[in-house]
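The values are calculated or read from the model by the stated rules, or taken from the named source; none is laboratory data. Just so it is clear, the structure is predicted and the values come from calculations on it, not from any experiment. Note: accessible area is taken over every heavy atom of the protein model, side chains too, but ligands, DNA and RNA are not part of it. Shrake-Rupley method; radii C 1.70, N 1.55, O 1.52, S 1.80 Å.
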Amino acid sequence: MRDVLQYPTALTIAGSDSGGGAGMQADLKTMQACRTYSTAVVVGLTAQNTLGVQGAYPTALDVIDQQFASIFADFDVRAAKTGALFDRDHVLQVVENLKKYEVTNLVVDPVMVAKGGAALLDSAGIDALREDLLPLATLITPNLPEAELLAEMPIASQDDMVVAAHKIMAAGAKNVMIKGGHGHGPVVYDYVLLADQVGFWLTGDRVATTSKHGTGDTLSAAITAYLAQGESLSVAIALGHQYMNKIIGQPLNIGHGHGPLNQGQWPTTIAQQGVNHEV
Ligand SMILES: Nc1ncnc2c1ncn2[C@@H]1O[C@H](COP(=O)(O)OP(=O)(O)OP(=O)(O)O)[C@@H](O)[C@H]1O
Ligand SMILES: Cc1ncc(CO)c(N)n1
């Protein structure tokens, strides 16, 4: 008899962060920690560290197609997420492939700007994301500045977050989670609005830390991992949020700027990973 871990397969469609803390690197580490195997479509490369983004180089469009073809020829992808998509052409190329391979359980993290202020999606790309990608998403997870752009309104209060979530839903999103990390005060409020119009708040103590590089990537990757495992959307969101709350207070002391998280601290024992016994 041997122990076999049964991991479902997910997919991250995102940009590479050479600094290892955000983007695809954060996604892969998170998926692994959350007991899910992840394949990866690299939409672009960034030369990046904890201080900022020094260069961004989108992948050739036909290479996007090739990566999707290789993945879907072999893997049973149960859930997927998108991260940095750079520009309109890359958004549309990804959309075409998502449709072609009938990808379900799609989490769209509408990454627009890196922590240091560098753009990771241009303005035509934002329009394409809203018009063409948003309708395919099971869940969209904007942070406060991204939600302001998608809802076309300023957000200065929790009431505004609720209104913005409804506006983003009216724009075509099935389910919306607005993250409150960019807000102020001792508590971080994330607002979730589900397709059936049920809305709820997820809260956590605001941790005073500069190690927040890749928090949004990490949260959306955790939710995607739990969707791949067959959890319902509301349970996947709750588990992803629980995971974030756990790891944000225990970062790694690495780099000279916005440091990385330590995605690998959950679950801590093999017993928690649900070992299946096979003869
Ligand atoms: N200081 C903090 N303390 C506790 N939780 C936080 C803090 N900052 C963010 N979070 C949590 O982290 C998750 C990501 O939120 P955030 O608003 O930082 O995303 P983001 O801006 O998209 O991240 P990034 O751009 O770095 O990828 C949310 O669940 C949020 O509640
Ligand atoms: C490649 C990449 N994707 C996403 C983010 C946002 O965290 C980043 N900084 N870099």
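Shape analysis of the stretch 66-207 places it in the prolate category; the axes a ≥ b ≥ c from the Cα gyration tensor give an a/c of at least 1.5, with a/b above b/c. At the residue level, His166 shows approximately 80 square angstrom of accessible surface with a 1.4 angstrom probe and all protein chains present. Amide hydrogen proximity for Val113: with H placed 1.01 Å from N in the peptide plane, the residues at 5 or more positions away or on another chain lying under 5 Å are Leu120. Calculated [222 nm] ellipticity per residue, helices only, for the chain: -10500 deg cm²/dmol; basis is -39500 (n - 2.57) per DSSP H run with n ≥ 4, divided by all residues, nearest 500. Radius of gyration over Kirkwood radius for the stretch 9-273, both on Cα atoms: the Rg/Rh ratio is 0.93. Computed from backbone phi with θ = phi - 60° and the Karplus coefficients 6.51, -1.76 and 1.60, the 3J(HN,Hα) list for the stretch 174-190 is 6, 9, 10, 10, 9, 8, x, x, 7, x, 10, x, x, 10, 8, 10, 9 Hz; x is used for glycine and proline. Accessible area per residue for the chain, computed on protein heavy atoms with a 1.4 Å probe, is 43 Å². What does the C-alpha gyration tensor say about the overall shape of the stretch 24-99? Classify as rounded when a/c is under 1.5, otherwise prolate if a/b is larger than b/c, or oblate. Here the stretch 24-99 falls in the oblate category.
Go through Glu146, Glu131, Glu231, Glu152 and list them by solvent-accessible area, largest first, probe radius 1.4 Å.
Numbers: Glu146 10, Glu131 115, Glu231 70, Glu152 135 Å².
Ranked from most to least accessible, the order is Glu152, Glu131, Glu231, Glu146.
Please report the antiparallel percentage of the DSSP beta bridges confined to the stretch 152-213, to the nearest 5. Close to 100 percent. The accessible area of Asp76, taken with all protein chains in place and a 1.4 Å probe, comes to roughly 90 Å². In this structure Ser123 has an accessible area near 90 Å², from a 1.4 Å probe over the protein heavy atoms.
Share of antiparallel DSSP beta bridges in the chain, in percent to the nearest 5?
Numbers: 20 of 43 bridges.
Restricted to the chain, the bridges split so that about 45 percent are antiparallel.
Just need the relative contact order of the chain here, percent rounded to a whole number, with Cα pairs under 8 Å and 6+ apart. Can you show the working numbers first?
Working: 598 pairs, mean separation 63.4, N = 279.
After rounding, I find 23 percent.
For the residues Ala114, Ala164, Ala156, a GNM of the chain with alpha-carbon springs under 10 Å puts the largest fluctuation on Ala156.
Residues whose amide H falls under 5 Å from that of Ala80, counting only those 5 or more places apart or on a different chain, are Leu11, Leu106, Val107, with hydrogens built in the peptide plane.
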